[in-house]
Amino acid sequence: MIDMITINIPCMKRILLLNVYCTLILLSQSFVLFSQQDQGWKADPATVEKLSKSQPDINYFEERVPQYKLPEILINSKGSKIQSSGEWEQNRRQEILQLFRENVYGRTPSTPYAKSYRVVNEDKSAIGGAATLKQVEILISSGGKELTIHLTLFVPNNAPHPVPAFLLINNRDPKNTDPTRQVRSEFWPVEEVIARGYAISVFYNDDVDPDNFDDFRNGIHGILDRGERKDDSWGTLAAWAWGASRCMDYFETDSDIDCRKVAVVGHSRGGKTALWAAAEDSRFAMAVGNESGCGGAALARRRYGETVARINKGFPHWFCTNYRKWNNNEDAMPVDMHMLISLIAPRAVYITSADQDLWADPKGSYLLLFNSTPVYRLYYPGMSLPVQMPPMNTPVVGGKTAYHVRDGVHNLLLKDWNWFMDFSDKVLK
């Protein structure tokens with residue numbers, strides 16, 4: 001017995017040392033993992049302080065975000081759990097779509113209208129022969145009134161046709177989308193997109209509806225609205241989204257465009273529009289909401305940066321009148337914006353933020369995408385996104401969804417477009 005104990009003591013020591021070593025390795029790996037997670041994007045304290053001083057009535061402090069509970073995305077109005085993509089599409093998706101029409105963007109009228117297309121200019125040797133330029137007039141008429149949407153389209157000559165396409169909703173200076181290419185802007189980088197094998201197109205939002213509160217007398221409202229407006233009548237964002245769908249109508253007639261692979265893109269108010277366009281029109285294969293913030297890709301209940309009350313005060317024409325019921329009353333809203341993203345599933349969606357654009361709530365935008373994933377998992381069971389936000393300038397992809405927060409201010413830049421195309425290479429091509 002004594003000899004056995006003597007023999008086993010060194011062995012026990014070795015086992016003990018091995019256990020300690022393994023424990024230290026696991027702790028080290030856990031620390032590295034924690035450190036990597038902790039490197040996710042956070043608002044720069046100097047930016048928070050600066051914005052808070054200039055806008056003391058706006059919350060830019062994460063610790064002041066109130067506690068909130070998001071509406072259940074997979075529980076229908078009868079309290080039943082949605083278990084499959086079929087149940088989602090036949091039941092819950094329709095409920096949520098109606099809630100957004102009634103409470104946020106408004107309902108598009110069913111007024112009949114006529115439409116026609118005319119290619120007013122075609123240049124098959126644009127951009128030094130790399131592309132074909134088409135300038136198209138989309139004519140809408142009803143009740144003796146008419147409106148023209150001017151669509152500009154570049155198609156790569158050296159890519160197999162039909163090609164996937166990007167459609168930009170331009171809510172900025174038309175010079176940013178100059179078809180002559182004498183003025184070039186990162187906002188609409190035609191040359192770079194063509195080189196990647198995509199068509200790129202644009203229409204100007206004011207062609208569809210003016211971006212001002214004119215009591216909905218002009219633009220497409222002045223043509224399709226009949227009788228008195230109701231509290232759930234469509235606002236200007238819904239009108240612009242309707243315009244994007246009319247461009248899609250044209251793509252279905254153009255043999256150069258693969259109309260099954262069209263991505264609708266928007267920045268800021270255009271980003272809100274792009275997301276709603278894809279929610280309303282399932283023909284869009286992908287939606288890009290670039291720094292779209294409140295009323296787009298930011299959770300309303302966080303009350304961080306721009307709020308429902310603030311956006312309704314500044315832009316009363318963007319939404320339906322019912323949206324004003326949720327001024328300083330976000331917790332009572334029957335929806336929140338993660339449910340907007342769920343309406344796009346199973347199609348692709350890309351959400352973006354900018355480091356200095358706290359007005360649009362970068363963290364709230366990532367949380368929005370993260371909280372939409374339960375619907376995507378009905379179609380793609382293994383799909384997921386990390387809980388932690390990615391570091392700056394580091395896109396994260398979860399199946400058919402993607403997100404990045406880049407350095408800089410509120411804008412649409414070439415680096416944004418390059419990341420959009422990297423993602424669309426996976427989900428469109």
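The values are calculated or read from the model by the stated rules, or taken from the named source; none is laboratory data. This is a predicted model, so every value here is computed, not measured. Cβ sites come from the backbone with ideal geometry, for glycine too, and all protein chains shown count toward neighbours. Heavy atoms of the whole protein, side chains included, go into the accessibility calculation; ligands, DNA and RNA do not. Shrake-Rupley method; radii C 1.70, N 1.55, O 1.52, S 1.80 Å.
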Quiz item: Restricting attention to the range 345-371, which residues are open to solvent by 10 Å² or more (accessible area, probe 1.4 Å) and outside any helix (DSSP H, G or I)?
Solution: P346, R347, D355, Q356, D357, N371
Quiz prompt | Members of the range 260-293 found to be open to solvent by 10 Å² or more (accessible area, probe 1.4 Å) and either closer than 17 Å to Y198 by Cβ or not in a helix (DSSP H, G or I) (or both), listed by number | solution = R260, K261, S268, D281, S282, R283, A285
Exercise. Please work out which one of (1) within 25 Å of V409 (Cβ to Cβ); (2) acidic (D, E); (3) in contact (Cβ under 8 Å) with a residue 40 or more places away in the chain is the condition D207 fails and give its number.
Key: (1)
Quiz item: Which one of the conditions (1) assigned to a strand (DSSP E or B); (2) surrounded by fewer than 20 Cβ atoms within 10 Å (Cβ to Cβ); (3) not acidic (D, E) does P160 fail to meet, given that it meets all the rest?
Solution: (1)
Quiz item: Which residues, counting only those in the range 84-110, are open to solvent by 50 Å² or more (accessible area, probe 1.4 Å), outside any helix (DSSP H, G or I) and touching a helix residue (DSSP H, G or I) at 6+ places or on another chain (Cβ under 8 Å)?
Solution: R107, T108
Self-check item: When residues of the range 308-322 are limited to those that are part of a loop (DSSP other than H, G, I, E, B) and over 18 Å from the mean Cα position of the chain (by Cα), the one nearest to S268 (Cα to Cα)
Solution: F315
Quiz prompt | Candidate set from the range 117-145 (those that are among the aliphatic types (A, V, I, L, M) and touching a helix residue (DSSP H, G or I) at 6+ places or on another chain (Cβ under 8 Å)); member that is surrounded by the most Cβ atoms within 10 Å (Cβ to Cβ) | solution = A131
Quiz item: Of the residues in the range 372-385, how many are open to solvent by 10 Å² or more (accessible area, probe 1.4 Å) and either part of a helix (DSSP H, G or I) or in contact with an Asp or Glu (Cβ under 8 Å, 6 or more places away or on another chain) (or both)?
Solution: 4
